[in-house]
Amino acid sequence: MIPMNKLEELEKKVTASPLPKHIAIIMDGNGRWAKMHKQKRIFGHKAGVDALRRVVEIAGDINLEYLTVYAFSTENWGRSKTEVNYLLKLIMDSLNKEIEELRKNNVNIRFIGSEKELSANYNKKVIETCKKSWDNDGLKFNIAMNYGSRREIFEAFLKMHSEIEKGKLSIGEMDEDTISNYLYTANMPDPELIIRTSGEQRLSNFLIWQSAYAEFWFTNTLWPDFSKEEFLQAIADFQTRERRFGKR
Ligand code: IPE
Ligand code: IPE
Ligand code: MG
């Protein structure tokens with residue numbers, strides 16, 4: 001841990017330069033963190049929520065525009081029933097618990113992902129709760145829940161196909177932006193910085209289309225231990241990168 005004054009200095013430095021418009025985080029390592037503490041995996045997920053609360057608070061403090069976090073993937077259904085059910089409940093309970101505070105802090109929260117495997121009741125409750133924050137114009141905070149990039153792109157194709165059939169969309173007018181506008185992240189800027197904790201260096205089906213020109217930042221830290229210092233350091237590193245977008 002670095003001393004408080006150094007942390008304040010880092011925050012000042014980071015906020016003095018343009019921030020990435022959109023940061024996306026693959027919050028990984030909860031299970032290993034629990035193992036390290038000789039606890040069950042669910043203990044790690046619970047600690048993961050605390051880490052997320054800290055990060056959202058910092059994102060608000062530094063006036064970040066968009067934050068997207070990977071909470072549950074379309075592949076995570078392959079885990080044990082106990083773990084899956086625990087995660088579904090933890091995500092819903094945390095949303096209910098935090099919504100008032102998020103609302104007060106001008107955070108605008110939404111879930112992105114497929115509704116398919118989740119119950120109609122679950123999806124309805126998520127929207128009802130998130131809606132309470134939709135007048136807010138501060139941090140736009142997306143929770144990727146039952147999210148998979150390939151599913152997202154597939155669902156976009158289905159939606160586009162249906163609108164073409166209805167005559168609302170014509171192939172001749174379509175371009176790459178059209179596809180972006182049919183994704184769950186329609187009207188959002190692409191993530192400029194993608195952070196993954198726990199030492200893994202892969203996307204795991206997260207924001208594949210959107211991350212075409214993202215900068216990546218990896219750390220061995222397990223998600224529940226992800227600190228303010230590291231979050232700020234990731235942004236500071238992003239600010240030193242030369243982004244060429246294929247040009248000279
Ligand atoms: C990330 O932590 C949280 C979710 C995927 C829901 P993991 O549960 O993947 O933790 P590890 O990778 O097993 O340590
Ligand atoms: C990615 O982590 C999904 C989330 C963080 C929600 P995983 O732990 O599921 O990814 P893999 O299996 O290591 O690729
Ligand atoms: Mg993992």
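Here are the numbers for this structure:
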read-out	value
Highest average packing first - 27-33, 167-173, 135-141, 206-212, Cβ atoms within 10 Å	27-33, 206-212, 135-141, 167-173
Relative packing of peptides 179-188, 4-13 - highest average C-beta neighbours within 10 Å first	179-188, 4-13
Dipole magnitude of the chain about its Cα centre (Cβ charges: Lys, Arg +1; Asp, Glu -1), debye to nearest 20	740 debye
Debye log10 I(q)/I(0) at q = 0.12 Å⁻¹ for the chain, Cα point scatterers	-0.74
Segments 71-81, 225-235 sorted - mean Cβ within 10 Å per residue, highest first	225-235, 71-81
Among HIS45, GLY60, GLY167 - extreme Cα towards positive end, dipole of the chain, charges at beta-carbon	HIS45
DSSP-assigned coil residues among trypsin sites (Lys or Arg not before Pro) in the range 82-134, each with at most 16 further Cβ atoms within 10 Å	LYS116, LYS132
Set of aspartates and glutamates near LYS116 by C-alpha distance (under 15 Å), chain-local residues within fewer than 8 positions excluded	GLU75, GLU152, GLU155
Among the listed pairs LYS140/LYS247; LYS125/LYS166; LYS6/LYS228; LYS124/LYS159, those beyond 19 Å (Cα-Cα)	LYS140/LYS247; LYS125/LYS166; LYS124/LYS159
Hull shadow area, averaged, the range 84-187 [alpha-carbon convex hull, nm²]	7.7 nm²
Sparsely packed GluC sites (Glu not before Pro) within the range 181-228, loop by DSSP, other Cβ within 10 Å at most 16	GLU200
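We did not get these values from a lab; they are worked out from the coordinates using the rules stated. In this text, all values refer to a predicted model and were calculated from it rather than measured experimentally. Counting neighbours? That spans all protein chains shown, and the Cβs are built from the backbone with ideal geometry, glycine included.
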